[in-house]
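This report concerns only the one structure given below.
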Amino acid sequence: MRDILERFEIEGRVVLCEHYGSGHVNDTYMVVTQPRRRYILQRISTRAFPDVEALMRNISLVTGWLRANEKDPRRVLNLIPERNGGTFIKTREGDYYRVYDFVEDSVCFQAPCDEKTFYKSAVAFGDFQRRLSDFDASLLSETIPRFHNTRSRYAQLREAMKKDPLGRLREVAEQVDFALSREEEAGVMVDMTDSGELPRRVTHNDTKLNNVLFDAATGDALCVIDLDTVMPGLAANDFGDSIRFGASTAAEDEKNLDRVEMSLGMYRAYLEGFLFSCGDILTDIEKQTLPLGAKLMTLECGVRFLTDYISGDVYYHIDRPEHNLDRCKTQFKLVLDMERKWDMISGILKEMYPKA
């Protein structure tokens, strides 16, 4: 990796470069130099992000906008330029790399440990929405076209079912039936966007708790990270992705589905923090669709895991042969629990926002 790192404007001599984190898509490394500085080196997955130039332009535009009005450098990711002034390099082998400053004195949580932490992550993502509310979302490229277009995701599922390259379709009849029985509802927010009812904003599109860094001393949210999927999207989708990941009572790949439920306490905490931090930027309809965003993002994610399993695990990193199927099952169980608790979920929103 030394020859790669030498092409970036990092300080000092590299003394350590080792795998870091637990991301599903990119390969991430911790880099330490002497005199002591720390950096994050990433090999960008071209399978997930074929247009690396557009991806890095998005990140550069968004971080530049955020940094322009931010005094604390730890609150915005900082790209380290390569020696010719660009934001990434391409190797002879066709691999793409980038380097970020490491955000010192920060911690990252893989799962919510309590409602207070989850609330703070909601403040971080709501603040991200608010600070970018005046940014022209049309300037950003769709690095993954139709990323949260659930109608497109269902089309991909049907294509995977048609091809069935590994003969796995017969194993997942129950999951396929669950998904297809909810296909029409899954496209509701896509239709509302197409009709102009829901505005397209600059959205993060991967708002898991582990994409927020917290100050190690104070415990407050510092910085939103993993900006690869920043592009035009819906506020309700960002809200919903946080809920499907953080308000679940079990891990995303939990095998024992009896452990999988939606925590109403965690939902309430996140909703309160998100509405507070967004302030007055959200329209009435956007606020009203927040619970629907939680359900549909969970359903969509389950469909994506199911599609990848049928297709032969070509997108997500897996640690075991049925990893994507296990992930799919947890998402569908969470959808089912949301449906059972829908009156309570809707009621919590009405308490905080009576117009809902």
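The values are calculated or read from the model by the stated rules, or taken from the named source; none is laboratory data. The structure displayed is predicted, hence computed values, not measured ones. Don't worry about glycine lacking a Cβ; one is built from the backbone with ideal geometry, like all the others, and counts go over all protein chains shown. Side chains included, ligands, DNA and RNA excluded: accessible areas come from the protein's heavy atoms. Shrake-Rupley method; radii C 1.70, N 1.55, O 1.52, S 1.80 Å.
Return the loop-located GluC sites (Glu not before Pro) in the stretch 165-256 (DSSP other than H, G, I, E, B) with at most 13 other Cβ atoms within 10 Å of their own Cβ; answer none if there are none.
197
For the stretch 58-97, what is the convex hull volume of its Cα atoms per residue in Å³?
78
For the chain, what does -39500 (n - 2.57) per DSSP helix run (n ≥ 4), summed and divided by total residues, give at 222 nm, in deg cm²/dmol to the nearest 500?
One gets -13500 deg cm²/dmol as the mean residue ellipticity at 222 nm.
Can you report the principal axis dimensions of the stretch 188-245 using only the alpha carbons, biggest first, rounded to whole angstrom?
Principal axes ranked by extent give 46, 19, 16 Å for the Cα atoms.
Put one equal scatterer on each alpha carbon of the stretch 160-229, apply the Debye formula with no solvent term, and list log10 I(q)/I(0) at q = 0.11, 0.14, 0.23, 0.28 1/Å to two decimals.
-0.59, -0.81, -0.97, -1.12
Give me the one-decimal Kirkwood hydrodynamic radius in Å for the stretch 1-97, with the sum taken over alpha-carbon pairs.
After inverting the mean inverse Cα-Cα distance, the result is 14.5 Å.
What accessible area per residue comes out for the chain, rounded to a whole number of Å², with a 1.4 Å probe?
Per-residue accessible area for the chain comes out at 45 Å².
Taking a quarter of the surface of the Cα convex hull of the stretch 268-356, what do you get in nm²?
Reported value for the Cα convex hull: 6.9 nm².
Excluding residue 206 itself, calculate the net charge of residues whose Cβ lies under 10 Å from the Cβ of residue 206, where each Lys or Arg counts +1 and each Asp or Glu counts -1.
Net local charge, residue 206 excluded: -3.
Using DSSP to define loop residues, name the trypsin sites (Lys or Arg not before Pro) in the stretch 79-114 whose beta-carbon has at most 11 other beta-carbon atoms within 10 Å.
83, 92
Output wanted: per-residue J couplings in Hz (rounded whole) for the stretch 105-118, from phi through Karplus 6.51 cos²θ - 1.76 cosθ + 1.60, θ = phi - 60°, x for Gly and Pro.
The phi angles translate into 6, 10, 10, 10, 9, 7, 8, x, 8, 6, 5, 5, 5, 5 Hz.
I need the semi-axes of the equivalent ellipsoid of the stretch 246-288: take the C-alpha gyration tensor, multiply each eigenvalue by 5, square-root it, list largest first in whole angstrom.
Semi-axes from the Cα gyration tensor: 29, 10, 8 Å.
What angle do you read, to the nearest 10 degrees and between 0 and 90, between the alpha-carbon axis of helix 52-68 and the longest principal axis of the chain?
Rounded to the nearest ten degrees, it is 80.
Give me the Kirkwood hydrodynamic radius of the stretch 159-308, using the inverse of the mean 1/r over all pairs of distinct Cα atoms, in Å to one decimal.
Result for the stretch 159-308, one decimal place: 17.1 Å.
Taking each pair of distinct Cα atoms in the chain once, what is the resulting Kirkwood hydrodynamic radius in Å?
This gives a value of 21.1 Å.
Take the eigenvalues of the Cα gyration tensor for the stretch 75-198, scale each by 5, and report the square roots as semi-axes in whole Å, largest first.
34, 24, 20
How big is the equivalent ellipsoid of the stretch 95-160 along its three axes, where each semi-axis is √(5λ) from the Cα gyration tensor, reported in whole Å from largest to smallest?
29, 20, 18
For the stretch 133-263, with all protein chains present and a 1.4 Å probe, just round the carbon and sulfur fraction of the accessible area to a whole percent.
Of all accessible area on the stretch 133-263, carbon and sulfur atoms account for 46 percent.
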